[in-house]
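Taking it in order: structure first as structure tokens, then the write-up.
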Amino acid sequence: MSILPDEVKEDVRKKLEKSLKNPVKLTYFTMELECQFCQQTHQLLEEIASLSDKISLKIFKFDIDKKEKDAYKIDKIPAIIVMNEKDYGIRFYGLPAGYEFASFIQDIIMVSTGETGLTEKSIERIKILSKPVHIQVFVTNT
């Protein structure tokens, strides 16, 4: 059974077809046991990857693929990395459903196009940062 309704799949397919310029890699860390949302997340990612030939999906086992887990600094699951040839540090932890689904699709598009939506003033201010900055955004339905 599909997670995404057919009309949502078609809407997302059209948006991706219109918006994606360069390939995007979704790297997924999962575990078969003791992970509440891993199975649904895996299925959702398979469905999204099937909507565009510019999206690829690579799956790692959190408890087995320790080298990759350490290289990407993954410390919880389910974990999704949205990247292309460059890893921008974009991580989704948990199931990107509900309101997070639109943000997830938008992140895929931003990685593909290289366009952040930031103003020139914001970009100039970011350029003066001299140290790495760790930003986390937490989302809840409530």
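FYI, it's all coordinate maths here, none of it is from the lab. Quick caveat, the model's predicted, so the values are computed rather than measured. Positions of Cβ are generated from backbone atoms using ideal geometry, with glycine treated the same way; all protein chains shown enter the neighbour counts.
Want the number for residue 129 to residue 18: 0.36 nm per residue separation, take away the alpha-carbon distance, what's left?
Contour length minus Cα-Cα distance gives 36.6 nm.
With the crude spin-label approximation of a point 7 Å out along Cα→Cβ, what separation in nm comes out for residue 120 versus residue 31?
About 4.9 nm separates the two model spin labels.
Please list the equivalent ellipsoid semi-axes of the stretch 6-127, computed as the square roots of five times the alpha-carbon gyration tensor eigenvalues, in descending order and whole angstrom.
Three semi-axes, in Å: 24, 19, 13.
Subtracting the Cα-Cα distance from 0.36 nm times the residue separation, let me have the gained length for residue 68 to residue 84 in nm, one decimal.
So the chain would gain 4.1 nm between residue 68 and residue 84.
Could you put 104, 29, 138 in order, starting from the residue whose Cβ has the fewest other Cβ atoms within 10 Å?
The fewest-first ordering by Cβ neighbours comes to 138, 104, 29.
Over 23 Å between Cα atoms: which of 25/66; 21/76; 14/54 fall into that group?
21/76
What does the extension gain come out to for residue 103 and residue 57, with contour length at 0.36 nm per residue minus their alpha carbon separation?
14.7 nm
Just add up the charged neighbours of residue 7: K/R +1, D/E -1, any other residue whose Cβ is under 12 Å from the Cβ of residue 7.
For residues surrounding residue 7, the net value is 0.
Only helices at least 18 Å long along their own axis, judged from Cα atoms, and with Kyte-Doolittle mean hydropathy of -1.0 or greater: name those in the chain from DSSP H.
Membrane-span-like by this rule: 99-113.
Could you check the spin-label model distance between residue 136 and residue 9? Points 7 Å from the Cα along Cα→Cβ, value in nm.
3.6 nm
Treat every Asp and Glu Cβ in the stretch 6-127 as -1 and every Lys and Arg Cβ as +1, leave all other atoms uncharged, and give the resulting dipole magnitude about the Cα centre to the nearest 20 debye.
My answer is approximately 480 debye.
For the charge dipole of the stretch 6-127, defined by +1 on Lys and Arg C-beta atoms and -1 on Asp and Glu C-beta atoms about the Cα centroid, which residue among 8, 33, 108 has the Cα displaced farthest towards the positive pole?
It is 108.
Only bridges whose two residues both fall in the chain count here: according to DSSP, what percent of them are antiparallel, nearest 5?
Around 55 percent antiparallel, to the nearest 5.
Would you calculate, for the chain, the mean residue ellipticity at 222 nm contributed by helices, counting each DSSP H stretch of 4 or more residues as -39,500 (n - 2.57) and dividing by all residues, to the nearest 500?
So the calculated ellipticity at 222 nm is -11500 deg cm²/dmol.
What order do you get for 140, 41, 30 when you list them from fewest to most C-beta neighbours inside 10 Å?
140, 30, 41
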